[in-house]
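Presented below is the structure to which this report refers.
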Amino acid sequence: NKIIKQLKVNNVEIKLVSGDITTEETDAIVNAANSHLQHGGGVAGAISRKGGPGIQKESNEYIQKYGKVETGNVAVTSGGKLKCKYIIHAVGPIWRRGSQQEEKLLYDAVFNALKKAEELKLNSIALPAISAGIYGYPIEKAVLVYKKAVYDFINSNPQFVKEIRFVIYDEAHLDYFLKEF
Ligand code: ADP
């Protein structure tokens, strides 16, 4: 994957990377999951296929034990065969023209993923463009929310998280990220 831009905010590196999140070697990668942690298509499908059957199995066990993951919340599994230690499954909202608190829910999904990495004492995390694929959240609006969540998190003075990567798979999203960060 190729680093397109990097900036430092307080003591945290933010990196915009183009490519495929499944190859990232950060301590955690974030999955754009659904509430039932059924990893079929999009980035979830790619993570599940490449990480091996253990990821869907652990996800099913999580759902069995705790029930579904509400929109805006996260669940953790191992990274399976991927290079990351953990996968943080974040459930973003389906875009419904902004009428269903989508902005708050997307903010929560990103912020809670970062918070979980800090709780796990991780140094680095990579995120995809949550909700901006099958869930239809307009990218120009989504990047504003990603930025706010990341900056708020950094301003909370995390002790462990020192690198936050956005891995941009859709080339058409790149300019929006570059404009905002
Ligand atoms: P959602 O249902 O939350 O929209 P998707 O998986 O459909 O989730 O898409 C989220 C984003 O992930 C989209 O911008 C899509 O382009 C991107 N994406 C798809 N595959 C990958 C991948 N292998 N690595 C990183 N991002 C990916």
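What follows draws every value from the coordinates through simple rules; no lab data is involved. Please read all numbers here as calculations on a predicted model, not as lab measurements. Note that we place each Cβ from the backbone using ideal geometry, even for glycine, and neighbour counts take in every protein chain shown.
Brief remarks follow.
- Every test in (1) buried (at least 20 other Cβ atoms within 10 Å of the Cβ); (2) β-branched (Val, Ile, Thr); (3) touching a residue at least 40 places away in the same chain (Cβ under 8 Å); (4) in contact with a Ser or Thr (Cβ under 8 Å, 6 or more places away or on another chain) is passed by ILE55 save one, and that test is (3).
- Test: residue in the stretch 122-137 that is within 15 Å of the ligand (Cβ to nearest atom), within 18 Å of ASP20 (Cα to Cα) and surrounded by fewer than 21 Cβ atoms within 10 Å (Cβ to Cβ): yes
Rundown of residues vs (1) among the β-branched types (Val, Ile, Thr); (2) not in a loop (DSSP other than H, G, I, E, B), yes/no style:
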| residue | (1), (2) |
| --- | --- |
| LYS83 | no, no |
| ILE88 | yes, yes |
| ARG96 | no, no |
| VAL110 | yes, yes |
| LYS116 | no, yes |
| GLY136 | no, no |
| GLU140 | no, yes |
| LYS148 | no, yes |
| VAL161 | yes, no |
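- Just one of the numbered conditions (1) touching a Ser or Thr at 6+ places or on another chain (Cβ under 9 Å); (2) within 16 Å of the ligand (Cβ to nearest atom) is not true of TYR86: (2).
- Of ALA75, ALA90, all but one fail to be closer than 25 Å to PHE153 by Cβ, among the small types (Gly, Ala, Ser) and buried (at least 23 other Cβ atoms within 10 Å of the Cβ); the exception is ALA90.
- Lone unmet requirement of (1) crowded, with 21+ Cβ neighbours inside 10 Å; (2) over 26 Å from LYS121 (Cβ atoms) for ALA33: (2)
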